[in-house]
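Student: Got a structure for you, written out below as structure tokens; questions coming shortly.
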Number of protein chains: 2
Amino acid sequence: MQEQNQTEREIKQIIDTCDRLIQAEKFDELVEFYTEDAVLVVKPGMEAHGREQIKQAFIKIAAYFDNSIKPIEGEMVYLIAGDTVLVLAQTFLEASEAAVENSEFSMERRATYVFKQVDGRWLCAIDNSYGTTLLEN
Amino acid sequence: MQEQNQTEREIKQIIDTCDRLIQAEKFDELVEFYTEDAVLVVKPGMEAHGREQIKQAFIKIAAYFDNSIKPIEGEMVYLIAGDTVLVLAQTFLEASEAAVENSEFSMERRATYVFKQVDGRWLCAIDNSYGTTLLEN
């Protein structure tokens, strides 16, 4: 249990760091927390693969939300299988009022993130903020 | 894209095989498709870790459903990050009428499975048939 808690703390810290980097639009630093072959679901049916594509996607997402994006995590569940962890997270996306009004996307989501340990560091391999709603498309 | 399709096919075949093994209650064969340190969400708040615990959990789940369980997958989405894959799956659990009536669990679910490639084989590391509904508990 102690080991589980430490893994949870380590991953939570990384998610919080990434949320701050997204808000600050420091995408070069952000993508260092993704694996080389990570996948980001940009929107249903559109994926970015690898750090360069993920960086470009975050630049577009930031512009889409009027450079006012602020992700916040709510309730979280960690399912830990050794060096592989599935995180389920209630995610709130804050943005400027105008950006939210213009957005076709839900600002409250149930996300699924997969982290894996690479050379002792936890990195995000799969970043899917849409969770199982992708099954609706 | 071709590589993605092949990975999808390989994993789909394994999921179908596992569904058949569950229905046939061949749990020794079944757990060979899980990693050594895999985690199975037995029910919200209860996890089985490792092959022996997972086998025992499946024996209990089968008994709970009156030894009449038959999992069927519907719509599926694969998010592929190299040797790590998140599968989102609409899952229907068929069982005898009496077992279904007595069950407190939903028979239609949106599951999240994480597979990883170990020595060239795809194995299930995280088996969470409850998907993001775990965030509700």
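Student: For the range A:26-67, what is the relative contact order in percent, using Cα pairs closer than 8 Å and at least 6 residues apart in sequence?
Tutor: Relative contact order of the range A:26-67: 35 percent.
Student: While we're on this one: Return the calculated 222 nm mean residue ellipticity for the protein assembly as shown, to the nearest 500 deg cm²/dmol, obtained by summing -39500 (n - 2.57) across DSSP H runs with n ≥ 4 and dividing by the residue count.
Tutor: -11000 deg cm²/dmol
Student: Further, regarding this structure: Cα axis of helix A:50-64 to longest principal axis of chain A: angle in degrees, 0 to 90, nearest 10?
Tutor: Roughly 40 degrees, rounded to the nearest 10.
Student: Taking the label point as lying 7 angstrom from Cα along the Cα-to-Cβ axis, what are the distances from A:I72 to the corresponding position in the remaining copies, in ascending order and in nanometres?
Tutor: Here the equivalent label points are 4.4 nm apart from this one.
Student: While we're here: Using the eigenvalues of the Cα gyration tensor, what equivalent ellipsoid semi-axes result for the range B:2-137 when each is taken as the square root of five times the eigenvalue, whole Å, largest first?
Tutor: 24, 16, 15
Student: Relative to the isolated chain, which residues of the range B:1-49 have their accessible area cut by 20 Å² or more in the presence of all protein chains (1.4 Å probe, heavy atoms, no ligands or nucleic acids)?
Tutor: Buried by the other chains: B:Q4, B:D37, B:V39, B:E47, B:H49.
Student: Could you check the spin-label model distance between A:E97 and A:I59? Points 7 Å from the Cα along Cα→Cβ, value in nm.
Tutor: 3.2 nm
Student: Could I ask something else about it? When each copy gets a label point 7 Å from Cα toward the beta-carbon at A:D28, what are the spacings between them in nm, shortest first?
Tutor: The projected label point of A:D28 is separated from its counterparts by 5.8 nm.
Student: So which of B:K55/B:K116; B:K12/B:K116; A:K116/B:K26; A:K12/A:K116; A:K55/A:K116 end up more than 22 Å apart, counting from Cα to Cα?
Tutor: Details: B:K55/B:K116 19 Å; B:K12/B:K116 13 Å; A:K116/B:K26 30 Å; A:K12/A:K116 13 Å; A:K55/A:K116 19 Å.
Going by Cα-Cα distance, A:K116/B:K26 fall outside the 22 Å limit.
Student: Compute the distance in nm between two label points, each set 7 Å from the Cα along the Cα-to-Cβ direction, one at A:E8 and one at B:M107.
Tutor: A separation of 3.4 nm, rounded to one decimal place.
Student: Run the label-point distances for B:R121 please: 7 Å along Cα to Cβ, every other copy, nanometres, shortest first.
Tutor: So the distances to the same position in the other copies read 3.2 nm.
Student: Per residue of B:74-80, count partner chain C-beta atoms within 10 Å of its C-beta, then hand back the mean as an integer.
Tutor: That average works out to 5.
Student: Please list, short to long, the whole-number percent of alpha-carbon pairs of the protein assembly as shown in consecutive 10 angstrom bins beginning at zero.
Tutor: For the protein assembly as shown, the binned pair fractions read 6, 29, 35, 20, 8, 1 percent.
Student: As I understand it, the dipole of the range B:16-137 uses +1 on the Cβ of Lys and Arg and -1 on the Cβ of Asp and Glu, about the Cα centre. Which of B:V118, B:A57, B:P71 lies farthest toward its positive end?
Tutor: B:V118
Student: Then there's this: For helix B:2-23, what angle does its Cα long axis make with the longest principal axis of chain B, in degrees from 0 to 90 and rounded to 10?
Tutor: Here the helix axis deviates by roughly 20 degrees.
Student: Contact order normalised by length for chain A, with contacts defined as Cα pairs under 8 Å and 6 or more residues apart; what percent is it?
Tutor: Relative contact order comes out at 22 percent.
The values are calculated or read from the model by the stated rules, or taken from the named source; none is laboratory data. Just so it is clear, the structure is predicted and the values come from calculations on it, not from any experiment. Cβ sites come from the backbone with ideal geometry, for glycine too, and all protein chains shown count toward neighbours. When the accessible area is computed, the model is the full protein with side chains, heavy atoms only, and any ligands, DNA or RNA have been set aside. Shrake-Rupley method; radii C 1.70, N 1.55, O 1.52, S 1.80 Å.
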